Amino acid sequence: MSILVTGAAGFAGSYVVQALAGRGEVVGWTHRADPPDEIVPLAAWQRVDLLNPAAVRVAIARVKPSAVIHCAGAPNVAHSWRDTVTPLSVNVLATHHLFDALRRASVACRVIVPGSATVYAASDAPLTEHSPVGPSNPYAVSKFAQERLALRAEREDGVEVIVTRSFNHTGPRQTAAFAAPNMARQIALIEAGLAEPLIKVGNLEAQRDFTDVRDMSRAYVGLVDNGTSSTVYNVSSGVGRVMRSVLDALVARARVAVRVETDAMLMRPSDTPVLVGDSTRLRRATGWRPEIPFEQTLDDLLNYWRSVTVA
């Protein structure tokens, strides 16, 4: 049994590879990124460009996976406002190439497609899988198109497809293009004397539902075994946190005094005020629940940025 992880050198994908340790052969696909040193021995690594359909067909025919966890993608909401082409190509077209290759190779397998809770319409209440959808930014549009494409493959291509609507997740190795690691990186630079004692931030009033990336990855692996095909699952902690409280918690961990300043460049043209999820369906299906306290997530995130800043 071989499990293919696309985007395996990326943030969530690298933790999926770790979560799969000991489960048989794991094949990790990456295009340009090199995997973190600590996970190199955990997978058979292949460089595959998911935007090259011929290369994807050859690679799928060679691997013939029994399951796929499709983590490859363009994950950033803010960037999607400046570049709408990349999320549509990487999230939608690359997914099409993957399913097309599976169909052409007659590979009947289970495919987990990590989607995004940004597809939901804004709501002050915790969102369930039955909540109305209403993508409000280019990234969300691309993720909604991706999940529709994936579920079509379930009906037409003979593969089992499970889609998640994953809420915010963070932790070590997340790039500073996202809010929490950006705050942590700035603190680490200030502590190291490499930046003035000033943290620049965007909208701090938004409320988000954070899960540690290591718990998120366990959810994806659990769905390989226990998820129901053709089903959408929320992956969330169910706890809403105002971004100001996340910043305050990180600043409280700083080893030096810092100031905070709002930066208009970090503001999005449109920002959902509240995004909190109800993951009851996932918990009942797999027994999954978050295990890593948010305080540990912040400790590990800040320590990660301290380590790479002084390296």
Qualifying positions in region 267-290 - assigned to a loop (DSSP other than H, G, I, E, B), out of contact with any helix residue (DSSP H, G or I) (no Cβ under 6 Å at 6 or more places or on another chain) and either among the acidic types (Asp, Glu) or modelled with pLDDT under 95 (or both): Met267, Ser270, Asp271, Thr272, Pro273, Asp278
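Which one of these is among the aliphatic types (A, V, I, L, M), out of contact with any Phe, Trp or Tyr (no Cβ under 6 Å at 6 or more places or on another chain) and closer than 23 Å to Trp288 by Cα: Val5, Val27, Val40, Val58?
Values: Val27 fails: closer than 23 Å to Trp288 by Cα; Val40 fails: closer than 23 Å to Trp288 by Cα; Val58 fails: closer than 23 Å to Trp288 by Cα.
Result of the check over Val5, Val27, Val40, Val58: Val5.
Restricting attention to region 35-53, which residues are assigned to a helix (DSSP H, G or I), touching a helix residue (DSSP H, G or I) at 6+ places or on another chain (Cβ under 9 Å) and open to solvent by 70 Å² or more (accessible area, probe 1.4 Å)?
If the condition is that a residue be assigned to a helix (DSSP H, G or I), touching a helix residue (DSSP H, G or I) at 6+ places or on another chain (Cβ under 9 Å) and open to solvent by 70 Å² or more (accessible area, probe 1.4 Å), then Glu38 is the only one that fits.
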Residue that is farthest from His169 (Cα to Cα), among those in region 1-24 that are of a type outside the set (Gly, Ala, Ser) and part of a loop (DSSP other than H, G, I, E, B): Met1
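Does Ser106 count as surrounded by fewer than 19 Cβ atoms within 10 Å (Cβ to Cβ), hydroxyl-bearing (Ser, Thr, Tyr) and on the phi > 0 side of the Ramachandran plot?
When the stated conditions are applied, Ser106 passes them.
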Name the pairs whose Cβ atoms lie under 6 Å apart, with the first residue in region 161-172 and in a strand (DSSP E or B) and open to solvent by 10 Å² or more (accessible area, probe 1.4 Å), the second modelled with pLDDT under 95 and not hydroxyl-bearing (Ser, Thr, Tyr), and 6 or more positions between them or separate chains? none
May I ask you to say which residue of Val276, Val235, Val224, Val258 is over 19 Å from the mean Cα position of the chain (by Cα), surrounded by 18 or more Cβ atoms within 10 Å (Cβ to Cβ) and in contact (Cβ under 8 Å) with a residue 40 or more places away in the chain? Val258
Kindly evaluate Arg155 against the criterion of being at pLDDT below 95 and either under 13 Å from the mean Cα position of the chain (by Cα) or surrounded by fewer than 19 Cβ atoms within 10 Å (Cβ to Cβ) (or both). yes
If you scan region 11-29, which residues turn out to be out of contact with any helix residue (DSSP H, G or I) (no Cβ under 8 Å at 6 or more places or on another chain) and open to solvent by less than 40 Å² (accessible area, probe 1.4 Å)? Gly13
Matching residues in region 210-232 - criterion: being in contact with a Phe, Trp or Tyr (Cβ under 9 Å, 6 or more places away or on another chain), over 20 Å from Ala188 (Cβ atoms) and part of a strand (DSSP E or B): Thr211
Taking first residues from region 198-214 that are touching a residue at least 40 places away in the same chain (Cβ under 8 Å) and second residues anywhere that are of a type in the set (A, V, I, L, M) and assigned to a strand (DSSP E or B), the pairs with Cβ under 6 Å that are 6 or more apart or on different chains are Ile199/Val260; Gln207/Val242; Gln207/Val274; Arg208/Leu275
Does Ala264 satisfy the condition of being among the small types (Gly, Ala, Ser), at pLDDT below 95 and crowded, with 18+ Cβ neighbours inside 10 Å? no
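Taking only region 173-209 into account, find how many residues are assigned to a helix (DSSP H, G or I) and not small (Gly, Ala, Ser).
Keep residues of region 173-209 that are assigned to a helix (DSSP H, G or I), which gives 179-191.
From what is left, the residues that are not small (Gly, Ala, Ser) are 181-183, 185-187, 189-191.
Result for region 173-209: 9.
The values are calculated or read from the model by the stated rules, or taken from the named source; none is laboratory data. Nothing here was measured: the structure is a model prediction, and the numbers come from that model. For neighbour counting, all protein chains shown are included, and Cβ atoms are generated from backbone atoms with ideal geometry for every residue, glycine included. Protein only, heavy atoms only, side chains kept; ligands, DNA and RNA dropped before computing areas. Shrake-Rupley method; radii C 1.70, N 1.55, O 1.52, S 1.80 Å.
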